[in-house]
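Reviewing the structure listed below.
The values are calculated or read from the model by the stated rules, or taken from the named source; none is laboratory data. Worth saying up front: this structure is predicted, and the values here are computed from it rather than measured. Here the Cβ positions follow ideal geometry from the backbone for every residue, glycine too, while neighbour counts run over all protein chains shown. Ligands, DNA and RNA are stripped out before the accessible areas are found, and what is left, the full protein with its side chains, is counted by its heavy atoms. Shrake-Rupley method; radii C 1.70, N 1.55, O 1.52, S 1.80 Å.
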Amino acid sequence: MKNCEWINPKLEAYFTDELPGEELQNVQTHLAACAECRRQVESFNEIDSMVRGVFKRRVALAQQAAQMNTRPRLFKIALASTSFAIVALLLVLGLTFFQQTPAPPVAVQHPPSVPEVQPEVKKDDVVEIGRAKPDDDAPAASAVDPSFEHVGSDAPDFVITDAAGYTTTLESYRGRAFLFGVVSPDQKSAVAGMQQIFDSFDSNGGIRIVGISRHREEGFDKATFPIRFNHGSKLMGVADGHFLLLDATGKPRLEGSLTDAQGVSKVRTQLEQLGAR
Amino acid sequence: MNRAQAQAGVTEAEFETAARESRTLLMQIAVASARNPIDAEDIVQEALMRGFRGIKRFRGDCPLRVWLSRIVVRVAINHHRSLSRRLKRWVFFGDFEIDQGDGTVEFDPPDKSIGVQREAVMDLDKYVGRLPDEFRMPLLMLAVEGLTIPEIAEILEIPPGTVKSRIFYGRRRLKEALNNRRQRQ
């Protein structure tokens, strides 16, 4: 066991982005060097991806339950009315057997069994509005759309997560130029292009550079640029293997292919225009 | 019912549109908030009903979907406690089976690269269910597509820093639970 005790109290701040710059640097340097601590941080990330698995499983269960919702309700009504009838019957029988005097009024207990159960199927108009009619004409699938993964037209423009699962939007990158490239491990040339851009401009404090993968996947072993994961957003419409440079106000300035040999010089020219170099 | 319209500036039609559009989000929030996912649909129904009834209390200081999400969270907390729901869950589980074989339940394994077994996820589900509300909710909400920390903070009505640290402690508890499980095996 090396002298790693000092890092434990810092982990919370590390994961909640609250470490001041210098300490963050210390922690990052240490993590790069110490396999044991890296393993510890990775195990937090493992938990996160497993929690995602748990969540998806729960969503699937919820959808199935929603589709089957009518069945238990009918079953419950049947169960309630049957038990009510049986109780009433026993009551009547018991009274007729054990009481000398006949007690006909008790038999009147039968009818209430129907209205007692009635509220279960009440057609409250307020319920109807909230219900979005999953039980009626509208297809059940529309009520609970299983395609959460699908990036639809109503998807946000830009939402990414880091390896720890924290979500970031474009607002977080305001104030400096921001360049992101959409990469995937199987597109080696795009990753190399991204790396080249990162190597050329990383030391420039006026720009932040991030590679974004559409899915949470491994395989960026050689890349040293930060990898983020798309979180169901449109990524400003940037295609795979392309990059987008935004200025400090978040306005797109330059879009291009990561495999373009001229990419670096184009970015440099644009950065000079933005005064970030 | 122009009563609601006059006081809150949100018409019935607007409410209905918002409810329809945020249906998927509310369902996911309900899954993240409920201790038992099969209650999610009921929670959303009840939350929409309450939202509709209490629309005049909507002051417009946040988006309608956030306001509805907050109701979902509140309903979820109380929902689990009610006895009739427990009965229903019991009835429901009577004829409910998680069928993985024919693909009716879409189960997405976590990142394959990590090499985690599905068993661990099933166990983790159990541990997630045991987490107190304040840790479980932000942790699961983080898995909702497109939901950011500030938005979670807005829905749970706590500061973003608190959301982050609760997520951290939630993860740590789960990690410890899994470690204990490994040691037992």
If you take the accessible area of A alone, add that of B alone, and subtract the area of the pair, what total do you get in Å², probe 1.4 Å, to the nearest 100? 5900 Å²
So for R0 = 51 Å, FRET eff. of residue A:264-residue B:77 from the Cβ-Cβ r, to 0.05, ends up at 0.40
Evaluate the distance, in nm, between pseudo-label points positioned 7 Å from the Cα of residue B:35 and of residue B:182 along their respective Cα→Cβ axes. 2.9 nm
Counting only other chains, and only Cβ atoms inside 10 Å, what mean value do you get across the residues of A:40-50? 6
Label zone at residue A:204 (point 7 Å along Cα-to-Cβ), backbone N below 11 Å, segment A:247-267: A:264-267
Separation between the residue B:169 and residue A:248 pseudo-spin-labels, each 7 Å from Cα along Cα→Cβ, expressed in nm? 3.9 nm
Separation between Cα centres of segment A:199-277 and segment A:17-33, rounded to whole Å: 23 Å
Whose amide H sits under 5 Å from the amide H of residue A:212, counting only residues 5 or more places off or on another chain, with H placed in the peptide plane? A:181, A:182, A:183, A:228
Over 18 Å [Cα-Cα, segment A:211-267], rounded percent: 43 percent
What FRET efficiency comes out for the pair residue B:61/residue A:163, r = Cβ-Cβ distance, R0 = 60 Å, nearest 0.05? 0.95
Residues meeting the amide H criterion for residue A:254 (H placed from the backbone, H to H distance under 5 Å, 5 or more places apart or on another chain) are A:245
